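Take a look at the structure set out below.
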Amino acid sequence: MCIRDRPYAEPEFFVYLSKLDLSKVKIHAINESKMVFPREPIMSFEGPLGIVQIIESTIINLNSYPSLICTNAVRMRIAAGRNKDMIEFGLRRAQGPTGATMGAKYACLGTFQGTANTLLGFRTQGEVQVYGTMAHSFILSYTENTDLGSLRKIKGIDVLERATHYRKELNWTNTNYSELLSYLGYASCNPENFLALVDTYDTLNSGVKNFLIV
């Protein structure tokens with residue numbers, strides 16, 4: 001059913017909507033990223049009551065989510081301390097692509113150093129730093145030594161041989177071997193910026209140990 005056919009929607013209402021003029025609406029708002037306190041208005045509107053009521057839900061939506069993310073980010077910063085690096089990785093769990101990019105933006109406004117959201121990095125022309133790690137699928141793709149191929153060596157050092165030595169020396173031979181291989185492959189491509197995903201199989205008994213081995 002078209003909204004025009006609903007019994008409570010009078011034809012004059014649609015004429016009114018078609019002629020809406022927001023030029024008389026005045027918006028007063030704090031600067032973005034400014035700290036606010038409870039019961040302190042973030043935005044206020046002046047204008048014809050009908051128009052202000054129509055845009056109210058959209059305005060509240062556009063403010064509530066960003067302020068929620070930014071506030072949580074600041075709380076995390078307070079808990080972690082100023083000397084810790086904090087990176088936003090919320091894309092997969094966010095409320096759609098738009099929510100993901102908006103969430104990343106306001107996490108960074110809340111003192112996070114960067115994000116895994118490459119779209120935000122592109123839109124801000126590098127102002128927001130982009131970081132990343134490996135995917136679970138990348139880790140699962142490794143099964144045997146030959147999967148390393150030419151990535152077995154870094155600066156002439158056989159990393160597989162070195163890792164195998166440390167694995168035995170530390171008596172950590174029960175870690176997931178294919179996970180270790182994936183770490184070696186990733187580290188060979190990112191020797192100066194190796195960041196591992198440690199929860200694919202067993203976080204403490206495999207992931208963390210394999211990371212330390214590499």
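When region 34-58 is filtered for residues that are open to solvent by less than 80 Å² (accessible area, probe 1.4 Å) and under 19 Å from N72 (Cα atoms), the ones remaining, listed by number, are V36, E40, I42. Would you say T146 is touching a helix residue (DSSP H, G or I) at 6+ places or on another chain (Cβ under 7 Å), part of a helix (DSSP H, G or I) and among the polar types (S, T, N, Q)? Answer is no for this residue.
Filtering region 150-165 down to residues that are aliphatic (A, V, I, L, M) and touching a Leu at 6+ places or on another chain (Cβ under 8 Å), which residue is farthest from S188 (Cα to Cα)? Applying the filter and picking the extreme gives A163. Reported count of residues in region 165-202, each being open to solvent by 60 Å² or more (accessible area, probe 1.4 Å) and under 25 Å from the mean Cα position of the chain (by Cα), is 8. Among the residues of region 159-214, those that are among the charged types (D, E, K, R) and assigned to a loop (DSSP other than H, G, I, E, B) comprise E192, D199, D202. With respect to (1) at pLDDT 95 or above; (2) surrounded by 14 or more Cβ atoms within 10 Å (Cβ to Cβ), the lone exception for N205 is condition (2).
Quick check on I69: is it in contact (Cβ under 8 Å) with a residue 12 or more places away in the chain and more than 15 Å from the chain's Cα centre (by Cα)? Taking the combined requirement at face value, the residue does not satisfy it. Scanning region 66-106 for residues that are in a helix (DSSP H, G or I), at pLDDT below 90 and surrounded by 15 or more Cβ atoms within 10 Å (Cβ to Cβ) gives a single hit, L91. For region 116-138, a residue qualifies if it is outside any helix (DSSP H, G or I), without any contact (Cβ under 8 Å) to a residue 40 or more places away in the chain and out of contact with any Phe, Trp or Tyr (no Cβ under 7 Å at 6 or more places or on another chain), and the qualifying residues are N117, T124, Q125, G126, E127, V128, Q129, V130. If you go through region 27-78 and keep only what is over 25 Å from T115 (Cβ atoms) and of a type in the set (G, A, S), you end up with S44, G47, G50, S57.
The values are calculated or read from the model by the stated rules, or taken from the named source; none is laboratory data. All of these numbers come straight from a predicted model, not from anything done at the bench. As a convention, Cβ positions derive from the backbone with ideal geometry for all residues, glycine included, and neighbour counts pool all protein chains shown. Just the protein is used for accessible areas: all its heavy atoms, side chains included, with ligands, DNA and RNA removed. Shrake-Rupley method; radii C 1.70, N 1.55, O 1.52, S 1.80 Å.
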